[in-house]
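Comments concern the structure below.
The values are calculated or read from the model by the stated rules, or taken from the named source; none is laboratory data. All values derive from a computational prediction rather than experimental measurement. Glycine also receives a Cβ, built like all others from the backbone with ideal geometry; neighbour counts cover every protein chain displayed.
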Amino acid sequence: MAHPKRKISKTRRDKRRTHYKAVAPTIAKDSTTGEMHLYHRAHWHEGKLYYRGQILIDKTEEAVA
């Protein structure tokens, strides 16, 4: 089993880990509904699935039919 020849210092270890950080997701506001959603994601609003301001799926029509 491999073992390190020398101890890695705390500073050197922490320098390597600087790239691991939590990033807050970017939020967008839909122009037609005003609903907040993640970029490049479809979102539901009042029984309808919206993407880029257009309706993809309308659940209210299926419930009536």
Collect the residues in region 1-29 that are basic (Lys, Arg) and either over 30 Å from Arg41 (Cβ atoms) or at pLDDT 95 or above (or both), keeping them in residue-number order. Lys5, Arg6, Lys7, Lys10, Arg12, Arg13, Lys15, Arg16
When you check Glu35 against the structure, is it acidic (Asp, Glu) and more than 19 Å from the chain's Cα centre (by Cα), yes or no? no
